[in-house]
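The values are calculated or read from the model by the stated rules, or taken from the named source; none is laboratory data. Bear in mind that the values here come from a model prediction, so they are computed numbers and not experimental data. With ideal geometry, Cβ positions are generated from the backbone for all residues, glycine too; neighbour counts draw on all protein chains shown. Protein only, heavy atoms only, side chains kept; ligands, DNA and RNA dropped before computing areas. Shrake-Rupley method; radii C 1.70, N 1.55, O 1.52, S 1.80 Å.
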Amino acid sequence: MKVFFANCGYLTGLTGRTDEYVFLLWRYLFEDSQISRPFIDTLKAEDPDVCLLVEMKHSKIMDIYDALPEYQHIVTVEKYGKGTLSKLGKRNVHAVLSKRPIENTRTLLFKDGNKKSILSVVIEGVDFHVCHLSLRAKTRRLQIQQLAEVLFSAKSTIVAGDFNVFGGDSELEDFEKKGIFYNLNTKNQNTFPAYNPTKKLDYIYATRDIKESDFRILPEVFSDHRALCCTISK
């Protein structure tokens with residue numbers, strides 16, 4: 001099963017340059033379907049079975065489906081969960097797009113932070129979890145601890161997300177120390193900013209019963225984060 005993960009940056013086309021966040025800020029507010037083309041072209045080229053996405057606009061999902069109807073199984077969840085930011089969450093979602101049937105869906109919530117939602121789906125016996133951790137180090141540490149607690153006995157599980165670990169891999173010790181999951185990015189390739197990656201913020205983890213091959217950080221630039229791609233089997 002080929003798996004694709006990306007922080008889509010709401011498909012604004014910003015690549016992580018500081019000046020873009022100033023002069024192209026309007027793209028967060030106004031829709032332009034042409035800006036989505038590099039992302040759609042990347043999916044066409046890679047042809048993954050399962051796409052795990054964060055920072056996606058709900059309105060863009062149908063654009064992707066119209067261009068790539070083979071992803072007929074779609075699940076989204078509001079990024080912020082329930083709370084003061086939930087109305088924004090109706091526009092900003094985590095999403096799973098799959099060619100293969102989704103057998104089960106549920107939403108878990110972090111106790112801390114604004115980006116509370118963890119989207120969980122089961123596809124062909126593999127439990128996928130998609131999350132986006134806080135920019136605040138203290139909150140992020142609590143979220144990582146909670147993730148470790150929820151998944152302390154996981155099997156046949158993939159966890160993918162923008163972990164925002166600006167402090168480096170040491171922030172993930174609470175998650176890794178139980179030895180249940182391993183990091184698929186064994187070559188420590190950076191993912192952010194996309195135009196010239198200097199930090200590793202995006203991760204795919206797998207339980208030890210999942211076999212992985214062909215893990216890559218993709219060269220295509222359609223967001224301020226590079227996308228991750230790999231093939232997994234049980």
- Task: May I ask you to list the residues in the stretch 1-23 that are open to solvent by less than 10 Å² (accessible area, probe 1.4 Å) and assigned to a helix (DSSP H, G or I)?
- Result: GLY9, LEU11
- Residue ID - least open to solvent (accessible area, probe 1.4 Å), chosen from residues in the stretch 117-145 that are in a loop (DSSP other than H, G, I, E, B) and farther than 18 Å from LEU201 by Cα: GLY125
- Note on the structure: Being exposed (fewer than 15 other Cβ atoms within 10 Å of the Cβ), of a type in the set (Ser, Thr, Tyr) and in a strand (DSSP E or B) narrows SER170, SER213 down to just SER213
- Query: Hey, among the residues in the stretch 216-226 that are more than 19 Å from HIS132 (Cα to Cα) and in a loop (DSSP other than H, G, I, E, B), which one's least open to solvent (accessible area, probe 1.4 Å)?
  - Reply: LEU218
- Message: I'm trying to understand the selection: among the residues of the stretch 24-60, which are crowded, with 20+ Cβ neighbours inside 10 Å and farther than 18 Å from ARG100 by Cα?
- Response: SER36, PHE39, THR42, VAL54, GLU55, MET56, LYS60
- State all residues of the stretch 176-195 that are open to solvent by 60 Å² or more (accessible area, probe 1.4 Å), assigned to a loop (DSSP other than H, G, I, E, B) and more than 17 Å from LEU218 (Cβ to Cβ); if no residue qualifies, say none. LYS177, LYS178
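Conditions tested, residue by residue: (1) modelled with pLDDT under 95; (2) assigned to a helix (DSSP H, G or I); (3) farther than 28 Å from LYS234 by Cβ; (4) out of contact with any Cys (no Cβ under 6 Å at 6 or more places or on another chain).
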site: ILE35; (1), (2), (3), (4): yes, yes, yes, yes
site: LEU52; (1), (2), (3), (4): no, no, no, yes
site: SER59; (1), (2), (3), (4): yes, yes, yes, yes
site: ASP66; (1), (2), (3), (4): yes, yes, yes, yes
site: GLU70; (1), (2), (3), (4): no, no, no, yes
site: GLY83; (1), (2), (3), (4): yes, no, yes, yes
site: HIS94; (1), (2), (3), (4): no, no, no, yes
site: LEU97; (1), (2), (3), (4): no, no, no, no
site: ILE102; (1), (2), (3), (4): no, no, no, yes
- Query: If ALA148 satisfies every condition in (1) of a type in the set (A, V, I, L, M, F, W, C); (2) surrounded by fewer than 21 Cβ atoms within 10 Å (Cβ to Cβ); (3) touching a residue at least 60 places away in the same chain (Cβ under 8 Å); (4) over 29 Å from THR12 (Cα atoms) but one, which is the exception?
  - Reply: (3)
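When you check ILE204 against the structure, is it open to solvent by less than 50 Å² (accessible area, probe 1.4 Å), of a type outside the set (Gly, Ala, Ser), in contact with a Leu (Cβ under 7 Å, 6 or more places away or on another chain) and in contact (Cβ under 8 Å) with a residue 60 or more places away in the chain, yes or no?
On the way: open to solvent by less than 50 Å² (accessible area, probe 1.4 Å): yes; of a type outside the set (Gly, Ala, Ser): yes; in contact with a Leu (Cβ under 7 Å, 6 or more places away or on another chain): yes; in contact (Cβ under 8 Å) with a residue 60 or more places away in the chain: yes.
It is true that ILE204 is open to solvent by less than 50 Å² (accessible area, probe 1.4 Å), of a type outside the set (Gly, Ala, Ser), in contact with a Leu (Cβ under 7 Å, 6 or more places away or on another chain) and in contact (Cβ under 8 Å) with a residue 60 or more places away in the chain.
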- Can you work out which of the residues in the stretch 117-157 that are touching a Lys or Arg at 6+ places or on another chain (Cβ under 9 Å) and of a type in the set (D, E, K, R) is nearest to ALA95 (Cα to Cα)? ASP127
